[in-house]
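Structure, as structure tokens:
The values are calculated or read from the model by the stated rules, or taken from the named source; none is laboratory data. Note that this is a predicted model, so its numbers are computed, not measured. Glycine also receives a Cβ, built like all others from the backbone with ideal geometry; neighbour counts cover every protein chain displayed. Ligands, DNA and RNA are excluded from the accessible area calculation, which covers all protein heavy atoms including side chains. Shrake-Rupley method; radii C 1.70, N 1.55, O 1.52, S 1.80 Å.
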Amino acid sequence: MNSRKHAILAGLVALLFTAAAFAQAKPETAKQDRANVLLRFEKDGTVSANCSQTLGVITQSMLEVEGVKNAKIDGKSNGVQVSYDPGKTTPQKIVAAFNKENPDTPLQGSAAKEAK
């Protein structure tokens, strides 16, 4: 009877440690798959709500950069709010790839600031 209690107790302790390990591992991976950055255009007034065609081209070009998950035009900041996978790209790589494909509407290279 005593060994049976020890076996049950050992099983419960093992179950608790396993559950605690899985609970801690999940949030870390969730944080690592997405980051946000505001990328600003070099020329003032590049982004205007009046030209939906330009906005569409900018958004589509941004989404074609590897690792970019979402792009939203920010007219107040004259830039683009970009959500990306930090395991696949960096703000500097996003700017370089975008500027290569869009030389008429370049983004600022050194002004990439992380958004929380």
Item to check | Test set (1) out of contact with any strand residue (DSSP E or B) (no Cβ under 7 Å at 6 or more places or on another chain); (2) at pLDDT 90 or above; (3) surrounded by fewer than 16 Cβ atoms within 10 Å (Cβ to Cβ) - VAL65 fails condition number | outcome: (3)
Next on the checklist: I need the full set of residues from the stretch 69-101 which are out of contact with any Lys or Arg (no Cβ under 9 Å at 6 or more places or on another chain) and either on the phi > 0 side of the Ramachandran plot or aliphatic (A, V, I, L, M) (or both), in order please.
Outcome noted: ALA71, ILE73, ILE94, VAL95, ALA96, ALA97
Item to check | Exclusive hit being at pLDDT 90 or above and acidic (Asp, Glu), set ASP85, ASP44, ASP74 | outcome: ASP85
Next on the checklist: Pull out all pairs, ordered by first then second residue, where Cβ-Cβ is under 7 Å, the residues are six or more apart or on different chains, the first lies in the stretch 87-101 and is without any contact (Cβ under 8 Å) to a residue 60 or more places away in the chain, and the second is in a helix (DSSP H, G or I) and not acidic (Asp, Glu).
Outcome noted: GLY87/GLN32; PHE98/SER61; PHE98/MET62; GLU101/SER61
Checklist outcome for this item: Out of (1) modelled with pLDDT of 75 or more; (2) open to solvent by 50 Å² or more (accessible area, probe 1.4 Å); (3) under 23 Å from LYS93 (Cβ atoms), the one LYS5 does not meet is (3)
Checklist outcome for this item: Filtering the stretch 68-86 down to residues that are surrounded by 15 or more Cβ atoms within 10 Å (Cβ to Cβ) and either part of a loop (DSSP other than H, G, I, E, B) or free of Cβ contacts under 8 Å to residues at least 12 places away in the same chain (or both) yields ASN78, PRO86
